[in-house]
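What follows is a single structure, written as structure tokens, with notes after it.
The values are calculated or read from the model by the stated rules, or taken from the named source; none is laboratory data. All figures in this text were calculated on a predicted structure; none of them were measured in a lab. When we count neighbours, we look across all protein chains shown, and the Cβ atoms used for this are built from the backbone with ideal geometry, even at glycine.
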Amino acid sequence: MNHGRDFEADIVSDVAAAEKGSACPECGAPMQAERGVEVGNIFKLGTRYSEAFEAGFLDRSGERKPVVMGSYGIGVGRLLACVAEEHRDENGLVWPVTVAPYHVHLVAGEDLARGLYEELLSAGVEILFDDRRESLGTKFKDADLIGAPIRLTFTPRSLENGGVEVKLRRETGSHVVPVEEIVATVREKISALEREVHESTLVAEIDG
């Protein structure tokens, strides 16, 4: 089949896939290529499905009409993929506190830290309690991989050093807090991390 002999096209144009460095069709400047993820979508459904299901309404004049439909969706799985891509290091995830599955990862033996675990839960802290019979090194590695914002280590050695070891996932250093102050300290750190996220969001909105 040949154009011109067998048919006439409604539109004739040069079409090419744009790549990094391709000239912008509007201004001629070279275009940039950036990675992105579709996290939401909108579909205009019209009356296709409402007519099929006889979903209608009465207008002001009392006339029955089909509902005009639209679909608006956000992919939770895709959002998680975006978070993982932006908030990670060579050891694993580094969850922002506002979307982290847990605020705190508690590394300890069950007999030693059960009371502390219950106290943090009662204070509204979302906490993952790792009481497995594994080495501290293994538990620390898994804590980094999971990426909860705050890690607490409660061991006989931490008690000898003064209490509970507190470490932010994003930092390399840690410090020891007395057991009786740990709940207040954790809540303060969670609040501080939440403020950081809120402030960075405001800055992004202003810059945008």
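Just a few scattered comments:
- The criterion of being touching a helix residue (DSSP H, G or I) at 6+ places or on another chain (Cβ under 7 Å), farther than 22 Å from residue 80 by Cβ and in a helix (DSSP H, G or I) does not hold for residue 180.
- Close pairs from the range 38-60: first over 30 Å from residue 77 (Cα atoms), partner small (Gly, Ala, Ser), Cβ under 7 Å, at least 6 apart: 56/50
- Considering the conditions (1) crowded, with 16+ Cβ neighbours inside 10 Å; (2) hydrophobic (A, V, I, L, M, F, W, C); (3) under 26 Å from residue 196 (Cα atoms), residue 113 is excluded by exactly one of them, (3).
- Taken over the range 139-158, the criterion of being without any contact (Cβ under 8 Å) to a residue 40 or more places away in the chain and surrounded by 12 or more Cβ atoms within 10 Å (Cβ to Cβ) is satisfied by 139, 140, 142, 143, 158.
- The criterion of at least 2 residues that are in contact with a Ser or Thr (Cβ under 7 Å, 6 or more places away or on another chain) and either of a type in the set (A, V, I, L, M) or at pLDDT 95 or above (or both) is met, among strands (runs of 3 or more DSSP E) falling completely within the range 45-122, by 104-108.
- Check on residue 33, over 30 Å from residue 99 (Cβ atoms), assigned to a loop (DSSP other than H, G, I, E, B) and under 32 Å from the mean Cα position of the chain (by Cα): no
- On inspection, residue 107 qualifies as touching a strand residue (DSSP E or B) at 6+ places or on another chain (Cβ under 6 Å) and assigned by TED's automatic domain parsing to the domain that holds residue 154.
- Yes/no for residue 98 being in contact with an Asp or Glu (Cβ under 9 Å, 6 or more places away or on another chain) and polar (S, T, N, Q): yes
- Among residues of the range 5-24, those that are farther than 30 Å from residue 85 by Cβ, part of a loop (DSSP other than H, G, I, E, B) and not charged (D, E, K, R), counted: 5
- Restricting attention to the range 159-176, the residues being crowded, with 18+ Cβ neighbours inside 10 Å, in contact with an Asp or Glu (Cβ under 8 Å, 6 or more places away or on another chain) and on the phi < 0 side of the Ramachandran plot number 1.
- Residue selected from the range 130-160 under the condition among the polar types (S, T, N, Q) and within 19 Å of residue 120 (Cα to Cα), by the criterion modelled with the highest pLDDT: 153
- Neighbours by Cβ (under 9 Å, 6+ apart or cross-chain): first from the range 171-189, within 23 Å of residue 124 (Cβ to Cβ); second among the small types (Gly, Ala, Ser) and crowded, with 16+ Cβ neighbours inside 10 Å: 177/163; 178/163; 179/163; 180/163; 181/163; 182/163
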